[in-house]
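Structure record follows, encoded as structure tokens.
The values are calculated or read from the model by the stated rules, or taken from the named source; none is laboratory data. Since the structure is predicted, the reported quantities are computational estimates derived from the model, not experimental observations. Methodologically, a virtual Cβ is constructed for each residue, glycine included, from the backbone with ideal geometry; neighbour enumeration extends over all protein chains shown. We work out accessible area using only protein heavy atoms, side chains counted, and drop any ligands, DNA or RNA first. Shrake-Rupley method; radii C 1.70, N 1.55, O 1.52, S 1.80 Å.
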Amino acid sequence: MNIILFGPPGAGKGTQAKNLEKKLNNFQISTGDMLRDEIKKESEIGKKIISNMNEGKFVDDEIVNNLMKNVVFDPQKKNKLIFDGYPRTLQQAKNLDSLLNDTGQKIDFIFFLNVNKDTIVQRIEKRKTIEKRSDDDLNTILKRYDTYMFTTKPVLDYYSSKSNFHEIDGGQKIAEITNKINNILGV
Ligand code: AMP
């Protein structure tokens, strides 16, 4: 079963992806984590993306799509993908469709965790004290939210008419969101 978790930064995608990873024995595919790893390794990709990441801007589609190719083509992960933070642009959504098509896979469920801006700011400020991410300061959070609203809205339009699209109120307690997702998945 392949799942997309979609929503603004701070919507709880990572938390729900980790729950699903355990429950389904699937793999959380977080492009944010993959990109932070590249920065930590000081790889060529890492050097290219560090300023965009720190400023709350998106990393180029080409770089993210290339990272995703290895993941979707990995036979161990076939039909066990939980996308967390990808796709974020229409180009990425179309790229994902084509990668899945090339490997005989599809998206089974899309969950849109919808959260308002005030809740996001509160959550990310709290996360900053725990995870100490350099892109979690208030200005960058607001920038990330604006980027999300501007670039990611077309992705929402792309998916929202599909029958496997489910909108969930991401302002609820974590356990309530988990229950709703599990009910829809029938697990
Ligand atoms: P996240 O951990 O998902 O909140 O992502 C942190 C940052 O990584 C984002 O603000 C972007 O700079 C970058 N990033 C993560 N996923 C993507 C993506 N799918 N496309 C472009 N940039 C991304």
(request) Search segment 96-111 for residues being part of a helix (DSSP H, G or I) and open to solvent by less than 40 Å² (accessible area, probe 1.4 Å), and hand back the single one that is farthest from the ligand (Cβ to nearest atom). (result) LEU100
(request) Give just the number: which of (1) among the basic types (Lys, Arg); (2) in contact with a strand residue (DSSP E or B) (Cβ under 7 Å, 6 or more places away or on another chain); (3) free of Cβ contacts under 8 Å to residues at least 12 places away in the same chain does LYS80 not satisfy? (result) (3)
(request) Considering only segment 159-172, state which residues are under 16 Å from LYS13 (Cβ atoms) and assigned to a loop (DSSP other than H, G, I, E, B). (result) GLY170, GLY171, GLN172
(request) For segment 63-74, indicate whether the set of residues that are more than 24 Å from THR129 (Cβ to Cβ), out of contact with any helix residue (DSSP H, G or I) (no Cβ under 9 Å at 6 or more places or on another chain) and either free of Cβ contacts under 8 Å to residues at least 24 places away in the same chain or open to solvent by 10 Å² or more (accessible area, probe 1.4 Å) (or both) is non-empty. (result) yes
(request) Go through segment 161-173 and give me each residue that's closer than 29 Å to GLN122 by Cβ, open to solvent by 30 Å² or more (accessible area, probe 1.4 Å) and either basic (Lys, Arg) or under 16 Å from the mean Cα position of the chain (by Cα) (or both). (result) PHE165, HIS166, GLU167, LYS173
(request) Search segment 1-19 for residues that are more than 23 Å from VAL72 (Cβ to Cβ) and pair each with any residue that is within 12 Å of the ligand (Cβ to nearest atom) and polar (S, T, N, Q) when their beta-carbon atoms are under 8 Å apart and the residues are at least 6 apart or on different chains. (result) PRO8/THR152
(message) If the requirement is being near the ligand (Cβ under 10 Å from one of its atoms) and either at pLDDT below 95 or under 26 Å from GLY186 (Cα atoms) (or both), which of these qualifies: PRO75, PRO87?
(response) PRO87
(message) When you scan segment 11-25, do you find a residue that is in a strand (DSSP E or B) and away from the ligand (no atom under 12 Å from the Cβ), even just one?
(response) no
(request) Select from segment 120-160 the residues that are open to solvent by 70 Å² or more (accessible area, probe 1.4 Å) and hydroxyl-bearing (Ser, Thr, Tyr) and write down the one among them that is nearest to ILE50 (Cα to Cα). (result) SER134
(message) Tally up the residues in segment 16-33 that are open to solvent by 20 Å² or more (accessible area, probe 1.4 Å) and under 11 Å from the mean Cα position of the chain (by Cα), please.
(response) 2
